[in-house]
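**Student:** Quick one: structure below, then a few questions.
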Amino acid sequence: MEHRNRSILKTLSWRIFSFILTMSIIFAYTKNIKQALYVGAGIDIVKMFLYYIHERIWNKVKFGRIKGSDYQI
């Protein structure tokens, strides 16, 4: 099981990468940097929260874990 801080750091690092990608795609279509920043940030805030919840739930699921491994609860 992961420490919550590790899950948070993993979430943040992924969301930063994802934000840059999302913002770039929005900017490519709109050519409006302000709109790209606002929409990209809004989407990523929601996704960051949902990913964190999803990750914490999966840490409690025993399905597919191997006894004696680091993944065991």
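**Student:** With Rg/Rh (Cα atoms, Kirkwood Rh) as the read-out, I listed [x] 0.92; [y] 0.99; [z] 1.17; which label goes with the value calculated from this structure?
**Tutor:** Only one listed value fits the structure, namely [z].
**Student:** How about the chain: which trypsin sites (Lys or Arg not before Pro) there are in a DSSP loop, with at most 13 other Cβ atoms within 10 Å of their Cβ? Before the final figure, lay out the partial values.
**Tutor:** Details: sites: Arg4, Arg6, Lys10, Arg15, Lys31, Lys34, Lys47, Arg56, Lys60, Lys62, Arg65, Lys67; in loops: Lys31, Lys62, Arg65, Lys67.
Taking the chain and a limit of 13 other Cβ atoms within 10 Å, the loop trypsin sites (Lys or Arg not before Pro) found are Lys31, Lys62, Arg65, Lys67.
**Student:** What ranking do Phe17, Phe63 get, fewest neighbouring Cβ atoms within 10 angstrom at the top?
**Tutor:** If I rank by nearby Cβ atoms, fewest first, I get Phe63, Phe17.
**Student:** Right, another one. Provide the per-residue ³J(HN,Hα) series for segment 17-29, in order, calculated from phi with Karplus coefficients 6.51, -1.76, 1.60 and θ = phi - 60°, each as a whole number of Hz, with x at glycine and proline positions.
**Tutor:** 4, 5, 4, 4, 5, 4, 4, 5, 5, 4, 5, 4, 7
**Student:** Under the 0.36 nm per residue contour assumption, what length would be gained going from the current alpha-carbon distance of His54 and Leu37 to full extension?
**Tutor:** 3.6 nm
**Student:** Ranking Ser24, Ser18 by Cβ neighbours within 10 Å, fewest first, what do you get?
**Tutor:** Lowest to highest Cβ neighbour count: Ser24, Ser18.
**Student:** Tilt of helix 33-60 relative to the longest C-alpha principal axis of the chain, in degrees (0 to 90, nearest 10)?
**Tutor:** 10
**Student:** How big is the charge dipole of the chain about its Cα centre, in debye rounded to the nearest 20, if each Lys and Arg gets +1 on its Cβ and each Asp and Glu gets -1 on its Cβ? Walk me through the numbers before you get to the answer.
**Tutor:** On the way: 12 positive and 4 negative charges, 37 e Å.
It comes to approximately 180 debye.
Any read-out appearing in this document is the output of simple, stated calculations on the displayed coordinates, not a laboratory observation. Computed from a predicted structure; not experimentally measured. Reconstructed Cβ throughout: ideal geometry from the backbone, glycine too, with neighbour counts over all protein chains shown.
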